[in-house]
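Scroll down for the structure; my scribbles are underneath it.
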Amino acid sequence: ERYRRNLAVLDALVGCLLSELDALGLGGNTIVALTSDHGEEFLERGWLGHTVTLYDELIRVPLAIILPETEQPRSCERVVETRALFDTVLDLCGIEPSGNAAGSLLPLITDPEAPSPHPEAEAYSCAWLPTAELVTGKRVELSALRKGNWKLIIDHRLNRSYLFDIEADPYESKDMSAERPDVFEQLTANLQDWVCRMKAEGAESGSVTLDPPTRRKLEALGYL
């Protein structure tokens, strides 16, 4: 019930934001994107909160892009990554996209029914907290790959993998890795390669020293 009330408050605040943009004369040239960094688990897997799994209740989040002078809302059920927002906004502003792997969503925004150049679009996710305090229960190294109707989750700490057919099993309750070894092996290779690239990019970016106030805030949120 508290979660529903939070959503109702958020909905009202979004309405206030859009109304204020119109009142300021900015609605006609402002792009508004609404999404979330994660969902919440309510004991579906024995956990309350987020961070410790990559099932759809945690990583399938809403994404809404509101464009100036949009006449009719459109919806699209295709698999996309939220990191595509960066290139999408650049594209909408007439700026050359950065070219990251997620790409721009502008073609889907323009025509959600258009044939996709990537009919089995890939979406990667991770929950990577290898040094989290054990008391938090969030010391995890998880990665996931969604491709078409298939979804692979790898628990790198426990060396376990799970393959799900999301269309036939939307609650991710039946591991199909033994029944579809062809899909399992291909997605595993793709996901392991992505994890290696992400680690390499993270190592290149270097480390950051947190000041005490920032560290306390992150600790209070459960991220350290």
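The values are calculated or read from the model by the stated rules, or taken from the named source; none is laboratory data. Bear in mind the structure is a predicted one, so any value in this text is a computation, not a measurement. Positions of Cβ are backbone-derived with ideal geometry, glycine not excepted, and every protein chain shown enters the neighbour counts. Heavy atoms of the whole protein, side chains included, go into the accessibility calculation; ligands, DNA and RNA do not. Shrake-Rupley method; radii C 1.70, N 1.55, O 1.52, S 1.80 Å.
See the values below:
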read-out	value
Residues located in region 60-87, provided they are part of a loop (DSSP other than H, G, I, E, B) and of a type in the set (A, V, I, L, M, F, W, C)	V61, L67, C76, V79, V80
The listed residue being of a type in the set (A, V, I, L, M), out of contact with any Ser or Thr (no Cβ under 7 Å at 6 or more places or on another chain), modelled with pLDDT of 90 or more and assigned to a loop (DSSP other than H, G, I, E, B), out of L158, L187, L145	L158
Candidate set from region 165-175 (those that are in contact (Cβ under 8 Å) with a residue 24 or more places away in the chain and either open to solvent by less than 50 Å² (accessible area, probe 1.4 Å) or not in a loop (DSSP other than H, G, I, E, B) (or both)); member that is farthest from I154 (Cα to Cα)	I166
Selection status of V195, outside any strand (DSSP E or B) and farther than 30 Å from F42 by Cβ	no
Flag if L17 is touching a strand residue (DSSP E or B) at 6+ places or on another chain (Cβ under 7 Å), open to solvent by 40 Å² or more (accessible area, probe 1.4 Å) and either at pLDDT 85 or above or closer than 30 Å to I154 by Cβ (or both)	no
Filtered residues of region 80-103 (kept if at pLDDT below 85 and either within 17 Å of K147 (Cα to Cα) or surrounded by 13 or more Cβ atoms within 10 Å (Cβ to Cβ) (or both))	P97, A101, A102, G103
In region 10-26, the residues that are in a helix (DSSP H, G or I) and aliphatic (A, V, I, L, M)	L10, A12, L13, V14, L17, L18, L21, A23
Region 139-164, residues that are of a type in the set (K, R), within 12 Å of V52 (Cβ to Cβ) and either out of contact with any strand residue (DSSP E or B) (no Cβ under 9 Å at 6 or more places or on another chain) or surrounded by 18 or more Cβ atoms within 10 Å (Cβ to Cβ) (or both)	R139
Identity of the residue in region 117-131, at pLDDT below 85 and open to solvent by less than 40 Å² (accessible area, probe 1.4 Å), that ends up nearest to S143 (Cα to Cα)	L129
Selection within region 28-59 - within 20 Å of L85 (Cβ to Cβ), of a type outside the set (A, V, I, L, M, F, W, C), open to solvent by less than 50 Å² (accessible area, probe 1.4 Å) and not in a loop (DSSP other than H, G, I, E, B)	D56
Hits in region 14-35 (condition: among the small types (G, A, S), without any contact (Cβ under 8 Å) to a residue 40 or more places away in the chain and within 26 Å of Y3 (Cβ to Cβ))	G15, S19
Matching entry among L43, L54 (being under 24 Å from A132 (Cβ atoms) and touching a residue at least 60 places away in the same chain (Cβ under 8 Å))	L54
